[in-house]
Amino acid sequence: MSDLYAGGELLAEVVRSEFVESRHHGSVVVLDANGEVAAWAGDVLGAVFPRSSVKPLQAVGMLRAGLDLAGPDLALAAASHRGQEAHISGVREILDKSGITADDLRCPPDYPLAEDARDAVVRAGHRRERIFMNCSGKHAGMLRTARANDWPLETYLDPAHPLQQRLAATVEELAGEPIRATGVDGCGAPVFAFSLRGLAGAFLRLVSAPEGSGERAVADAMRRYPLLVSGDDPGEDDTRLMRAVPGLLLKGGAEGVAAAALPGVGAVALKIDDGGMRARLPVLAAAFARLGVNLPGQVPVFGGGREVGVVRSVW
């Protein structure tokens, strides 16, 4: 198995006024309900950083290490939230129940990602805060897991910390392959490199797991509370698609990554080489079409305030 990601194939193009002005290359793998590869393009065995698409796997690791969250709180622990009121109040509740404060968070201070939430914060005279950062739910879950085990809170992001060691072991188990590199994610937490094949397989394991398991608990929480996984501002594919397609588990990540699974149907994982987020949705829809599932995959291109083109899959 190659360690280095070799790059992908042409997957999508941007059409403006019937003229192709940009192209996106990348890699995508489609697994059937049995976990067998049904289709692929590019390098699906080389290691990539899945970025926030790994959060559901980390949440499973937290549960296995003693995290006592369920339902909406568990969805937030696997979220890349937009900083809206439901998100921030939920993260505060997770922290408060353990006697942990927002000052204990080690994600960087930020403004909310959602425009309405960011505007409200600025109007209220607030500055960037750690709790507004889109990964604060994951960090709150990590802190709560550390507190449950009497592990140090100050160093919970250190790859050598007992918490991160547990999470790494869980990721390897669910992906069915070893971690081939460990880096620092945008939020400061460790991020683990492995293949798109492993990422798709891990998502399929989550939705196929029996009730009562940590894998199923995370998948069910995210699907039951999709608003908390991302947000309801325009362009938030995770929330919108999980609402639109019953049973779908979807988690996007930075730098053009996405992973999704449907029980009894299969799973998809993809990486856009240039990190372009706009190409993810049409490629994801094209991948699920190979499994007989219709996903809304239109990404419009605008000019002068009106729709003049589209980002479309060519795979």
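FYI, it's all coordinate maths here, none of it is from the lab. On a predicted model such as this, the values are computed, not experimentally measured, just so you know. Every residue, glycine among them, receives a Cβ derived from its backbone with ideal geometry; neighbour counts consider all protein chains shown.
Things worth noting here:
- Over every Cα atom in the stretch 187-249, the radius of gyration and the widest Cα-Cα span, Dmax, amount to 13.1, 34 Å.
- When you work out D = kT/(6 pi eta Rh) for the stretch 190-315 at 10 °C and 1.306 mPa s, using the Kirkwood radius from C-alpha pairs as Rh and the Stokes-Einstein form, the result is 104 µm²/s.
- Spin-label model, Arg224/Val184: points 7 Å from Cα along the beta carbon direction are separated by 3.8 nm.
- Listed residues Ala285, Ala160, Ala75, most fluctuating in the chain (Gaussian network, C-alpha, under 10 Å): Ala160
- At 1.002 mPa s and 20 °C, Stokes diffusion of the stretch 83-176 via Kirkwood alpha-carbon radius, µm² per second: 151 µm²/s
- Cα-only Debye scattering, the chain: base-10 log of I(q)/I(0) at q = 0.08, 0.16 Å⁻¹: -0.33, -1.34
- Cβ-based net charge around Phe49, under 10 Å, with every Lys or Arg adding one and every Asp or Glu removing one: 0
- Each of Pro56, Pro108, Leu157 was placed along the dipole of the stretch 32-173 (beta-carbon charges, centred on the mean Cα), and the one lying farthest toward the positive end is Pro108.
- About the Cα centre, charge dipole magnitude for the stretch 198-303 (Lys/Arg +1, Asp/Glu -1 at Cβ), debye: 260 debye
- Within the listed set Asp233, Asp119, Asp103, the Gaussian network model of the chain (springs between alpha-carbon atoms below 10 Å) gives the highest mean-square fluctuation for Asp103.
- Column: log10 I(q)/I(0), Debye, Cα scatterers of the stretch 65-116, q = 0.17, 0.24 Å⁻¹: -0.56, -1.09
- Computed log10 I(q)/I(0) for the stretch 36-99 at 0.28 Å⁻¹: -1.27, from the Debye equation with unit scatterers placed on every C-alpha and solvent omitted.
- Taking a straight line from the alpha carbon of Lys97, these lysines sit under 28 Å away, with near neighbours fewer than eight places off in the same chain left out: Lys55, Lys138, Lys251.
- Helix 136-148 axis versus longest C-alpha principal axis of the chain: approximately 40°, rounded to the nearest ten.
- Comparing Gly125, Gly71, Gly256 in a Gaussian network model of the chain (Cα springs below 10 Å), the most mobile by mean-square fluctuation is Gly125.
- Diffusion coefficient, µm² s⁻¹, Stokes-Einstein with Kirkwood Rh over alpha-carbon pairs of the stretch 1-55 at 4 °C and 1.567 mPa s: 98 µm²/s
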